[in-house]
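Everything below concerns the one structure shown next.
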């Protein structure tokens, strides 16, 4: 089992995708957006919860038809950046492993990672704006 994990690590380490500018740039930008989302939610929600500590639940989802339709604990807002972190990890691993066979699929995985981070950042911004 350990041998297969070592081969998996070597496959990722020696992947030709590491020399592709688009893939690396998309993953770096995705990571930076994800880190910014973690920090933004931490500082903004910390400020919102500090103002009203007795209201530990915050609105988490807004629907045009029904208004606010989901409340939850303030830390549940961190499912957005956690999901983004998982998406980055899975997409980058798949992108690095598939690049030698089908480079176009690697581009799609890298672009999907970047697009998902942008959408999650917009969602995090809207959660903070909903709680002001």
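Structural remarks
- Filter pass, residue 100 being out of contact with any strand residue (DSSP E or B) (no Cβ under 6 Å at 6 or more places or on another chain), part of a loop (DSSP other than H, G, I, E, B), touching a residue at least 24 places away in the same chain (Cβ under 8 Å) and more than 15 Å from residue 123 (Cα to Cα): yes
- Residue match in segment 55-66 (condition: surrounded by 14 or more Cβ atoms within 10 Å (Cβ to Cβ) and within 30 Å of residue 15 (Cα to Cα)): no
For (1) modelled with pLDDT under 80; (2) closer than 16 Å to residue 130 by Cα, each residue gets a yes or a no:
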| site | (1), (2) |
| --- | --- |
| 2 | yes, no |
| 17 | yes, no |
| 30 | no, no |
| 33 | no, no |
| 44 | no, yes |
| 65 | no, yes |
| 80 | no, yes |
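- Among residues of segment 14-31, those that are in contact with a helix residue (DSSP H, G or I) (Cβ under 9 Å, 6 or more places away or on another chain) and in a helix (DSSP H, G or I), counted: 12
Yes/no per residue for (1) at positive phi; (2) over 16 Å from the mean Cα position of the chain (by Cα); (3) without any contact (Cβ under 8 Å) to a residue 40 or more places away in the chain:
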residue	(1), (2), (3)
65	no, yes, yes
69	no, yes, yes
78	no, no, no
83	no, no, yes
93	no, no, no
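- Filter result for residue 48 (surrounded by 15 or more Cβ atoms within 10 Å (Cβ to Cβ), out of contact with any helix residue (DSSP H, G or I) (no Cβ under 7 Å at 6 or more places or on another chain) and in a helix (DSSP H, G or I)): yes
- Set 121, 77, 112: member being touching a strand residue (DSSP E or B) at 6+ places or on another chain (Cβ under 9 Å), surrounded by 14 or more Cβ atoms within 10 Å (Cβ to Cβ) and part of a helix (DSSP H, G or I): 77
The values are calculated or read from the model by the stated rules, or taken from the named source; none is laboratory data. Keep in mind that what you see is a predicted model, and the values were worked out from it rather than measured. Please note: Cβ atoms are built from the backbone with ideal geometry, for glycine as well, and neighbour counts cover all protein chains shown.
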